[in-house]
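Single-structure report; data block below.
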Amino acid sequence: TETDGVLLAEGKVDRWSTRLAPGPAPADARISVRFSVTASSKAPRQLPGGCVRWGFHWGENLPGWDLGVVLRHKDPLHFYRVVVSAARGELGLWDATGGFLQLVPCPVKLGEAHTLRITTHGAHIQAQLDGKPVMDYWDRSLPHDGGQVGLSVWKSQVRVCLLYTSPSPRD
């Protein structure tokens, strides 16, 4: 729902609720999201019995994540999602073709306003939270190279004040 220019995103089920912005975004882009997690799904990360590594759907589709920024979405099997968890203070980069590429500590706090900036340039994906670098990843396998951007929320409540996408300057 939107009120006075602020989007309240609510996940009501145990899976990602995703909305994509219309039209393609630049392949090399800067994405800024101003948000605050007002209610978290608060689930600890727990792998199913016998699972020894993060694989497709193990972890990404478990409760505990709050907000996701979808990058380079071509179809349901070709996209990235940068995800944050206020309950765990963690940021992850998920690749729909195979699982987590990176998990890092990230000081996301419940009820506090944060700005997440994501820069994509070819196979290079970087994230900053409140102006401080939290992720720097090169996808050297088979990087996704274009598509839409969007937002996802997992059984949480997130206030989104800004979603802005612009072309990333070339080095």
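Details
- Packing-based ranking of 96-108, 128-140, 67-79 yields 67-79, 96-108, 128-140, ordered from highest to lowest mean Cβ neighbour count within 10 Å.
- Exposure of Arg159 as accessible area (Å², to 10), given a probe of 1.4 Å and all protein chains: 100 Å²
- Full extension of the chain between Ser32 and Asp75 gives 13.2 nm of extra length, using 0.36 nm per residue less the Cα-Cα distance.
The values are calculated or read from the model by the stated rules, or taken from the named source; none is laboratory data. Note that this is a predicted model, so its numbers are computed, not measured. Every residue, glycine among them, receives a Cβ derived from its backbone with ideal geometry; neighbour counts consider all protein chains shown. Side chains included, ligands, DNA and RNA excluded: accessible areas come from the protein's heavy atoms. Shrake-Rupley method; radii C 1.70, N 1.55, O 1.52, S 1.80 Å.
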